[in-house]
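Take a look at the structure below.
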Amino acid sequence: MDKAGRVVLPKEIRARLHLEAGDLLEAEIGVNEVRLRPRHAVHSGLNREGDRVVWDVPGATATVEEIDRAIGRGRGERDARASGM
């Protein structure tokens with residue numbers, strides 16, 4: 001942890017959890033421990049229904065920014081597949 005309180009997760013952990021810059025983490029404080037959990041269920045909560053994209057995760061919430069980021073990731077993945085990457 002640096003002087004500002006920032007923690008850097010090793011590349012292997014970020015890759016395994018599919019974390020990218022800007023992703024959110026939930027912190028849970030226990031007895032002498034802090035647990036971090038990724039909050040990127042947004043990506044899997046977006047589903048296509050005809051020509052619309054809908055948020056379909058009962059009981060879950062997401063900010064507009066989280067949904068925009070998930071849509072951007074989906075577009076990036078689609079563009080990468082289209083270009084053969």
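Things worth noting here:
- Ligands, DNA and RNA excluded, the heavy atoms of residue 13 present near 80 Å² of accessible surface to a 1.4 Å solvent probe.
- Residue 33 accessible area, 1.4 Å probe, all protein chains in place, Å² to nearest 10: 80
The values are calculated or read from the model by the stated rules, or taken from the named source; none is laboratory data. Just so you know, these numbers come straight off a predicted model, no measurement behind them. Please note that ligands, DNA and RNA were not included when accessible areas were found on the heavy atoms of the full protein model with its side chains. Shrake-Rupley method; radii C 1.70, N 1.55, O 1.52, S 1.80 Å.
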